[in-house]
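> One structure, pasted below without further comment.
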Amino acid sequence: MPITTIWKHFAAFLYDVFPLLGVFLMTSLIVLVVRGGVPVERYSPWFTALLFFEFSAYFIYSWKIGGQTLGMRAWKMKIFPKNNQQYTLTWKQATLRLFVGIISTALLGLGLFWKLFSKDNQSWMDIVSHSDTKTLDV
């Protein structure tokens, strides 16, 4: 299986925005109903933390359970642990992958563009989680 190209990573991430947007909107509706129609204050720490938890849970759970998010499934990508004894990432590997991915995104994708210079064609996320992101055979 070939290593996944950078443009497929971006396409999968863009695709993953849509299910996350649906989750965030549903959460907002539930919170609004529970609060009796009173909107949440702008930049509320507890609401921001709730949305960040949902964001984190989406990626960590998806990577841990099946090795791919919905966006990765659409673009036929999957994360494979380098350890041949493992079928999927551990919770720790998935969590590390998420936080390095957040840092990479904050640095305008520098961790992903690292693939272009890495001899093993790995992003920061692959390096820290001891995994490879590969394109599945069609």
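> Going by what's in this entry, would residue 5 be described as closer than 13 Å to residue 133 by Cα and at pLDDT below 95?
Criteria met by residue 5.
> Still on this model: So, in the range 90-138, of the ones that are within 25 Å of residue 65 (Cβ to Cβ), out of contact with any strand residue (DSSP E or B) (no Cβ under 6 Å at 6 or more places or on another chain) and part of a loop (DSSP other than H, G, I, E, B), which residue ends up modelled with the lowest pLDDT?
The selected residue is 138.
> Let me confirm something: among 22, 36, which residue is at pLDDT 95 or above, over 15 Å from the mean Cα position of the chain (by Cα), at positive phi and surrounded by fewer than 16 Cβ atoms within 10 Å (Cβ to Cβ)?
Answer to the selection: 36.
> Could you tell me whether any residue of the range 37-44 is of a type in the set (S, T, N, Q) and free of Cβ contacts under 8 Å to residues at least 40 places away in the same chain?
Quick first cut of the range 37-44, residues of a type in the set (S, T, N, Q) only: 44.
Next, from what is left, pick out any that are free of Cβ contacts under 8 Å to residues at least 40 places away in the same chain: 44.
Yes; the residues of the range 37-44 include at least one that is of a type in the set (S, T, N, Q) and free of Cβ contacts under 8 Å to residues at least 40 places away in the same chain.
The values are calculated or read from the model by the stated rules, or taken from the named source; none is laboratory data. Only a predicted model underlies this, so the values are computations on that prediction, with no experimental measurement involved. Note that we place each Cβ from the backbone using ideal geometry, even for glycine, and neighbour counts take in every protein chain shown.
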